[in-house]
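The values are calculated or read from the model by the stated rules, or taken from the named source; none is laboratory data. None of these values were measured; they are calculated from a predicted model. A quick note on method: Cβ atoms are made from the backbone with ideal geometry, for glycine too, and the neighbour counts reach across all protein chains shown.
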Number of protein chains: 2
Amino acid sequence: MEDEISSFFESSPPQKNMEEILENLNEFIKLNSSSQGGRRIVCVTSGGTTVPLEQRCVRYIDNFSSGNRGAASTENFVKAGYAVIFLYRRGTCQPYCRSLPDDPFLECFEFSDKTNIQVHGLWILSVSYSHLEAVKMAVMDQQTAVAEGSLLKLPFSTIYEYLQMLRLIAEALKDVGPCSMFYLAAAVSDFYVPWKSMTEHKIESGSGPLDIRLAQVPKMLSVLRSNWAPKAFCISFKLETDSKILMEKATKALRKYKVHAVVANELSTRKEEVVVVSSSGNVVVRRECDKPESFVEDNLIRLIVDRHSTYIKESHN
Amino acid sequence: MEDEISSFFESSPPQKNMEEILENLNEFIKLNSSSQGGRRIVCVTSGGTTVPLEQRCVRYIDNFSSGNRGAASTENFVKAGYAVIFLYRRGTCQPYCRSLPDDPFLECFEFSDKTNIQVHGLWILSVSYSHLEAVKMAVMDQQTAVAEGSLLKLPFSTIYEYLQMLRLIAEALKDVGPCSMFYLAAAVSDFYVPWKSMTEHKIESGSGPLDIRLAQVPKMLSVLRSNWAPKAFCISFKLETDSKILMEKATKALRKYKVHAVVANELSTRKEEVVVVSSSGNVVVRRECDKPESFVEDNLIRLIVDRHSTYIKESHN
């Protein structure tokens, strides 16, 4: 397993800006672990990873994931006092922006002659009343979280970028120990084309069907738990479309990767309920159906934060 | 070929809202073809199509395309007096939004206490001075284009949605004749998994490598030219990563699909230059390097609009 993992990293294309990312990361961790005798830090991963099929990439395999779960969970973690490292797929749903329409610049704002003026030396834009709350959240809450050092956003696209950044974050969080958490909501590819066996140029069409052989991505979760950040509290996710195999797979993952809990969700009902699978049993977490502004993540993060508190206490004994 | 195409459509999953889309489309075409004795209408396609690998789709193959070419071209067509049907991949680059940063809600706006006020009964938001022009364009020019009936935006994700909508648009534009244009900048998948042979549930990992066999997508360009909209002016695109085979492939496409021009672009230099391949010879179109705010699309659309004018004149003789 260790061999597979080191050969995956050795054969990965080099990532840009890794030094700059590490610098921002270390600064963020230092700020938060020294404030008030040590604030909890969670790394939330969000969105799907891509798998390039060509080195000069035109085509790639992707995992469907809007990033809604990760974005909603991030908001709840910030509210619970956590500092959040939000490792997200470029272009997916952002914290505090979930209720904006698809095309906010077409639907939320007005820039009419009447309002195209300066007030207190600032240029202003008017916001349609119906979108006021959503825009306020998108701008104000997001900027406040970043300014207060509660939110660090790091984007990725490929499986190579994702895994290299996850390793970087895990190693940087090692000293934070039990006060750190990994909340791995990203949809990580199970299969990939090893970089060295990949064709350089765009695959040519026009000569019949195309056969692709994909190798398995080595399971990084084991090595995250055993080597990268063994003292961190760790939550993984399992998504299936077939409810019959979901619980079995989630239970198997809990044992195999020795994580503290697995959040099991089925594609069609994932916005209504999830099951938190752990060694203390299974807990069904639901959205509060009678409240239209309620999300399953509100109750989920409450439960996860409680579990994390217990874990921290037990670690100090 | 016709058989392949009808079986592709017959086996496609049914699309939602097609009636509503058709209604909006017909209204848009009616408005524009009756204004000033008939305005020219172009369908600009933009972004990549996805190919689902499972019916309850978690994984899919995607084509890399930011949608920048389509968005920039749309702005230029509107400026040249065209009505534009912008058929774009969800989440890709939008007209008038190209110079916004990746995370505009974090970087462009301020919603401080000082400005969280009402002016003339409107809620306002202040715009950072450095982003003022970009935000003004994103909001004002886009809303103006839509309000004046110069821009209709229609989103797609899968190859099925794209081809069904393209057919719908082509058939709706049939009566506009030579005054209509197809500017096919979208990166359309060459390969797909036929819906009926697709697995229903998420492909299971954990049992060795995965082999995928992809069938060729039937070439719709031929049938668009011969049946759907035979009188429309038609521009297709060819993207390659290997410059050695690019011109040969573009010339071959021109002959095979009987389009009026093929825009040949190489992945690494596509923002600097393209070659317009047509029966009257090849023309290299470049960005004006001495102007930082100049794009290759400015000169490209000027050329295409000229060619379209000639085509319309010749059609009336």
Lone qualifier among A:S189, A:S222, A:S236 - being surrounded by 21 or more Cβ atoms within 10 Å (Cβ to Cβ) and in contact (Cβ under 8 Å) with a residue 60 or more places away in the chain: A:S189
Single condition B:D190 does not satisfy, out of (1) more than 13 Å from the chain's Cα centre (by Cα); (2) closer than 26 Å to B:Y60 by Cβ; (3) away from chain A (no Cβ under 14 Å); (4) of a type outside the set (A, V, I, L, M): (3)
Strands (runs of 3 or more DSSP E) enclosed by segment A:170-269 - at least 2 residues per element that are more than 30 Å from B:K256 (Cα to Cα) and modelled with pLDDT of 95 or more: A:180-184, A:233-240, A:261-266
Close pairs from segment A:139-153: first facing chain B (nearest Cβ under 10 Å), partner small (G, A, S), Cβ under 7 Å, at least 6 apart: A:L151/A:A145
Members of segment A:270-281 found to be in a strand (DSSP E or B) and either in contact with a Ser or Thr (Cβ under 8 Å, 6 or more places away or on another chain) or of a type in the set (D, E) (or both), listed by number: A:E273, A:V277
Of residues in segment A:66-86 being farther than 18 Å from A:E148 by Cα and not small (G, A, S), the one surrounded by the most Cβ atoms within 10 Å (Cβ to Cβ): A:R69
Any pair with Cβ under 8 angstrom, 6 or more apart, that starts in segment B:48-67 at a residue that is in contact (Cβ under 8 Å) with a residue 24 or more places away in the chain and under 17 Å from B:F8 (Cβ atoms) and ends at one that is part of a loop (DSSP other than H, G, I, E, B) and among the acidic types (D, E): B:Q55/B:E200
